[in-house]
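To start, the structure under review is shown below, and the notes come after it.
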Amino acid sequence: MSNTLRQSELFTKTRKEAPSDEVSKNAQLLIRAGYIHKEMAGVYSWLPLGLRTLNNIIRIIREEMDAAGGQEVKLTGLQDPTLWKETDRWSDENVDVWFKTQLQSGGELGLGFTHEEPITRLMKDHVSSYKDLPRLLYQFQTKFRNEVRAKSGVMRTREFTMKDLYSFARTTEEHDALYARMSEAYTTIFNRVGLGKYTYKTFASGGVFAKYSHEFQTLTAAGEDTIYIHTDSNLAINEEVFTDEVCADLGVQKADFKPHTASEVGNIFSLGIRFSSALNLQFKDEEGKGTPVIMGSYGIGPARLLGVMVETLADEKGLVWPEEIAPFQYHLIVLDNGNEEVRADADRLFHEMKGKDMSVLYDDRHARAGEKFADADLIGIPKRIIVSEKTLASGEYEVVTRATGTSLFVHEQELLGN
């Protein structure tokens, strides 16, 4: 993927208005800025700027999963009903988000909404002894969920990419250590994408698997959840389990919490032996005794995370991206007013930046300054470099920071890192 692009060659264009049927801030801004295209309710295509941004989020998640000891795989989207019937998750009465399809030769297939069952069956071919564990496997996989509500832009869609990691352990203590490792990795991810100060590790229901699970909830007015945050310790509890009993378990007083609207951006679950028992995933311990593998599940939706970032970080002018996430680091803008010398200097600077492998979108269009600045605000690239008659005369380039609006003038050597 090239690190440089002329804006005149970018096939997408900004637009003043979003589709009238879009109610979410993230979808409105992403469509107006040319990041996504709406195919239908809850289904979006990713355009060049959007895909670059999404891939940067995926890169960060992948780096942290690898650093935590994960190994990447990719399972199939098409799912075998017989497998899911073994865990009683095929019937629509038990799972109401399936998309199902008919084979021409007869029979039915599902489009995967999660992958606990297939990865458990896969592991049966690779785990037999205690020496084969522990293991951490993850994937970036397209999921399909037949959501009733799909009005939150890319935060809740019917087709989306999910990073799901599954842990396989011999003992509860080993599982707990893997669980803690994943929790730390998630915290690092949210810090790296610029949401750390808005995101809370939140106690949630553990279902039938454990007393608690944990969600990572980001404070945003567009959130669908209510979490309660302890005023002193920053301990957070999901509204669904916010009871006196839970507070007592955690050693805090219920009265010391305040409610906040938030959106879930990640979750970590202890699965226990539910799937390993149902699908007979066992290992032989040192005495040769067959024992079910203890499992965990850890999910992040990169597109959902991107949508929450828009809801949280964007301003009234448009998108605002942190440096690690932005489609480009620099937005080079030429304001030549017909002055060929100014344009030649901008072309030369773009060539120099390209030679340094700097990440830059070059607005070389013949357009008014106001239009270029409005588009730059909407697109949200972190640093804007302005080349004009004024900068040419001064020998310095104006660099504007998108998030703060502050500007400074720098020499070319400093800009290029010479």
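The residues in the stretch 360-418 that are under 27 Å from the mean Cα position of the chain (by Cα) and either farther than 23 Å from Thr53 by Cα or not aliphatic (A, V, I, L, M) (or both) can be counted, and the count is 11. Note on the stretch 334-360: residues that are closer than 23 Å to Leu29 by Cβ and touching a helix residue (DSSP H, G or I) at 6+ places or on another chain (Cβ under 6 Å) total 1.
In this structure, is Thr188 more than 24 Å from Ile237 (Cβ to Cβ) and among the polar types (S, T, N, Q)? Considered against the rule, which asks whether it is more than 24 Å from Ile237 (Cβ to Cβ) and among the polar types (S, T, N, Q), Thr188 comes out as no. Only one of the numbered conditions (1) in a strand (DSSP E or B); (2) surrounded by fewer than 21 Cβ atoms within 10 Å (Cβ to Cβ) is violated by Glu264, and that is (2). Counting the residues of the stretch 221-258 that are within 14 Å of Tyr198 (Cα to Cα) and either part of a loop (DSSP other than H, G, I, E, B) or hydrophobic (A, V, I, L, M, F, W, C) (or both) gives 8.
For the stretch 109-131, the criterion of being under 30 Å from Leu313 (Cα atoms) and surrounded by 15 or more Cβ atoms within 10 Å (Cβ to Cβ) is met by at least one residue. Whether a residue is in contact with a Lys or Arg (Cβ under 7 Å, 6 or more places away or on another chain) and not assigned by TED's automatic domain parsing to the domain that holds Met162 was assessed, and Val399 passes this test.
Gly194 falls short of the stated requirement of being under 21 Å from Gly296 (Cα atoms) and either in the same structural domain as Lys74 (by TED's automatic domain parsing) or free of Cβ contacts under 8 Å to residues at least 60 places away in the same chain (or both).
Of the residues making up the stretch 254-268, at least one is in contact with a helix residue (DSSP H, G or I) (Cβ under 8 Å, 6 or more places away or on another chain), assigned by TED's automatic domain parsing to the domain that holds Thr157 and under 26 Å from Tyr130 (Cβ atoms).
Going residue by residue through the stretch 312-329, is there one that turns out to be over 30 Å from Asp132 (Cα atoms) and without any contact (Cβ under 8 Å) to a residue 24 or more places away in the chain? Scanning the stretch 312-329, I find at least one residue that is over 30 Å from Asp132 (Cα atoms) and without any contact (Cβ under 8 Å) to a residue 24 or more places away in the chain, so the answer is yes. Residue check: is Trp90 without any contact (Cβ under 8 Å) to a residue 24 or more places away in the chain, hydrophobic (A, V, I, L, M, F, W, C) and surrounded by 14 or more Cβ atoms within 10 Å (Cβ to Cβ)? Taking the combined requirement at face value, the residue satisfies it. Please determine, by comparing only the residues of the stretch 373-418 that are surrounded by fewer than 20 Cβ atoms within 10 Å (Cβ to Cβ) and of a type in the set (Lys, Arg), which one is modelled with the lowest pLDDT. Checked the stretch 373-418; the qualifying residue modelled with the lowest pLDDT is Lys390.
Among the residues making up the stretch 363-418, those that are among the acidic types (Asp, Glu) and within 20 Å of Thr14 (Cα to Cα) are Asp363, Asp364, Glu371, Asp375, Asp377. When each of Glu316, Glu352, Glu287, Glu340 is tested for being among the acidic types (Asp, Glu) and under 30 Å from Ile61 (Cβ atoms), the lone residue that passes is Glu316. Given the criteria part of a helix (DSSP H, G or I) and either of a type in the set (Phe, Trp, Tyr) or in contact (Cβ under 8 Å) with a residue 60 or more places away in the chain (or both), does Ile61 qualify? Here the answer is yes, as Ile61 does meet what is asked. Within the option set Val95, Val148, Val127, being assigned by TED's automatic domain parsing to the domain that holds Leu281 and either over 22 Å from Ile300 (Cα atoms) or in contact with a Leu (Cβ under 7 Å, 6 or more places away or on another chain) (or both) holds for one residue only, Val127. Residues in the stretch 365-418 that are in contact (Cβ under 8 Å) with a residue 40 or more places away in the chain, over 19 Å from Ala326 (Cβ atoms) and part of a loop (DSSP other than H, G, I, E, B): Arg365 only.
Out of His230, His175, which single residue is without any contact (Cβ under 8 Å) to a residue 40 or more places away in the chain and either over 20 Å from Arg156 (Cα atoms) or of a type in the set (Asp, Glu) (or both)? From the options His230, His175, the qualifying one is His230.
Residue under question is Ala204, and the condition is that it be in contact with an Asp or Glu (Cβ under 7 Å, 6 or more places away or on another chain) and either at positive phi or part of a strand (DSSP E or B) (or both); does it hold? Yes: the conditions hold for Ala204.
Scan the stretch 165-191 for residues that are farther than 23 Å from His126 by Cα and crowded, with 19+ Cβ neighbours inside 10 Å and the total you get is 4. Screening Thr199, Thr171, Thr187 for residues that are in contact with a helix residue (DSSP H, G or I) (Cβ under 7 Å, 6 or more places away or on another chain) and either at pLDDT below 95 or not basic (Lys, Arg) (or both) leaves exactly one candidate, Thr199.
The values are calculated or read from the model by the stated rules, or taken from the named source; none is laboratory data. Just so it is clear, the structure is predicted and the values come from calculations on it, not from any experiment. Positions of Cβ are generated from backbone atoms using ideal geometry, with glycine treated the same way; all protein chains shown enter the neighbour counts.
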